[in-house]
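Participant: Before we start, here is the structure in question, set down as structure tokens.
The values are calculated or read from the model by the stated rules, or taken from the named source; none is laboratory data. These figures come from a predicted structure and were not determined experimentally. When we count neighbours, we look across all protein chains shown, and the Cβ atoms used for this are built from the backbone with ideal geometry, even at glycine.
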Amino acid sequence: MEVARMKAERRTALGRNQLAKLRTEGWMPAVVYGAGKEPVSIQISEWELEQHIKSHHKVFQLDISGASESAYLQEVSWKAINDRPLHADFRRIDLTQKIEAEVEVTLLGHPVGLGKGGALTKDHLVITISALPTAIPEAIEVDISKMEVDDVLRAKDLQLPAGVELAVAPELTICHVVRAVVAAEAPPAEGEGEAEKK
């Protein structure tokens, strides 16, 4: 994962009215925390953050009023009404040290078991991995086309890129193919059929 650069400014606007004014000027609130240091309130360009998210950038070199800070985009809060970002959390990192991060598992293909009366159950399509910030994959792809009925794909079965390790239990179920159960129609109760004939 590449290191993206983004400018930021220290933020003094904290009240609701001040934050509303901030947004009208194209800024949004964010915070940088971790590494045993005090959290720093910052403001970043809303438009710029959205472009980085579209490009799947999560590792940043933040330029905070002239000071450089390596950070990982930990979380973004969104406004449900218009799908605009409300707030961003950045976690301080060392680019030379491994960190834990959540990565999506992308399922490729259709299990052969679906044509044999099976149904695909997706259990955990987001897993936690450990890797250097620059080695974090955008997603982990896995071909499930050969999965039969009753087959289970576990975390240990995933092919991880070099330098990437699991940070979840190896036996964690990613997905599995279950046998579809068709409910049998219950036979009529004794005497029920006779009553209908009368």
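Let's see how each residue does on (1) of a type outside the set (D, E, K, R); (2) more than 19 Å from Met1 (Cβ to Cβ):
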{"site": "Ile53", "(1), (2)": "yes, no"}
{"site": "Phe60", "(1), (2)": "yes, no"}
{"site": "Gly66", "(1), (2)": "yes, yes"}
{"site": "Asp83", "(1), (2)": "no, yes"}
{"site": "Arg91", "(1), (2)": "no, no"}
{"site": "Glu102", "(1), (2)": "no, no"}
{"site": "Gly118", "(1), (2)": "yes, yes"}
{"site": "Thr134", "(1), (2)": "yes, no"}
{"site": "Glu148", "(1), (2)": "no, yes"}
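Participant: So, of the residues in the stretch 57-93 that are part of a loop (DSSP other than H, G, I, E, B) and modelled with pLDDT of 90 or more, which turns out to be farthest from Val32 (Cα to Cα)?
Facilitator: So the residue we want is His57.
Participant: Checking the conditions here, which among Ser45, Ser55, Ser70 is under 18 Å from Glu138 (Cα atoms) and small (Gly, Ala, Ser)?
Facilitator: Ser55
Participant: A further question on this structure: If Gly118 satisfies all but one of (1) modelled with pLDDT under 95; (2) surrounded by 13 or more Cβ atoms within 10 Å (Cβ to Cβ); (3) out of contact with any helix residue (DSSP H, G or I) (no Cβ under 9 Å at 6 or more places or on another chain), what's the number of the condition it fails?
Facilitator: (3)
Participant: If I go through the stretch 144-196 residue by residue, how many of them are outside any loop (DSSP other than H, G, I, E, B), of a type in the set (Asp, Glu) and at pLDDT 95 or above?
Facilitator: Adding up the residues that qualify gives 2.
Participant: Consider the stretch 32-65. How many of its residues are surrounded by fewer than 12 Cβ atoms within 10 Å (Cβ to Cβ) and of a type in the set (D, E, K, R)?
Facilitator: Summing the residues that are surrounded by fewer than 12 Cβ atoms within 10 Å (Cβ to Cβ) and of a type in the set (D, E, K, R) in the stretch 32-65 gives 3.
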